[in-house]
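Structure, as structure tokens:
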Amino acid sequence: MALLLISAIRGEHLYHDERLFLASYMNAANFDPAGAIEPLFEHMPDYDPRKTHEQVAGIVAKGYTPAGCRRLKAANMCPGDCGRRHPSDKNTPYVAARAPRAARDQA
């Protein structure tokens, strides 16, 4: 999670699954969509304020929840076995790591 946030703030390109996870995770944690979630995407090279607003609003309206560990592992977005059953499990420390770009591109 922390590395996704840092990448977004730095304006690095995030893949669709990474953006969806970040927005749905923050929504599930009750962050303000317009005040906290949408601004995360402002520095990305393909930022479009209208499209970002529509996408975030859709995630909020549909009540999307963050992907579970199995899906994160399948998308190479999980740092490894941390003992959690879901990224929102508060019993174990969790920091999502981005897989090396080459590894994701080969998948």
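Derivation of every value follows stated rules applied to the coordinates shown; laboratory data play no part. Everything quoted here is computed from the prediction, not taken from an experiment. Ideal geometry is used to build each Cβ from the backbone, glycine not excepted, and the neighbour counts take in all protein chains shown.
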Summed residue charge, Cβ within 14 Å of Ala34's Cβ, Lys/Arg positive, Asp/Glu negative: -3
Karplus (6.51, -1.76, 1.60) ³J(HN,Hα), θ = phi - 60°, over the stretch 10-15, in Hz, Gly and Pro reported as x: 6, x, 7, 5, 10, 5
Computed lengthening from His43 to Ala29, 0.36 nm per intervening residue step minus Cα-Cα distance: 2.8 nm
Those residues of the stretch 45-75 whose amide nitrogen sits under 17 Å from the label point placed on Ala36, 7 Å along Cα→Cβ: 56-57, 59-61, 63-66
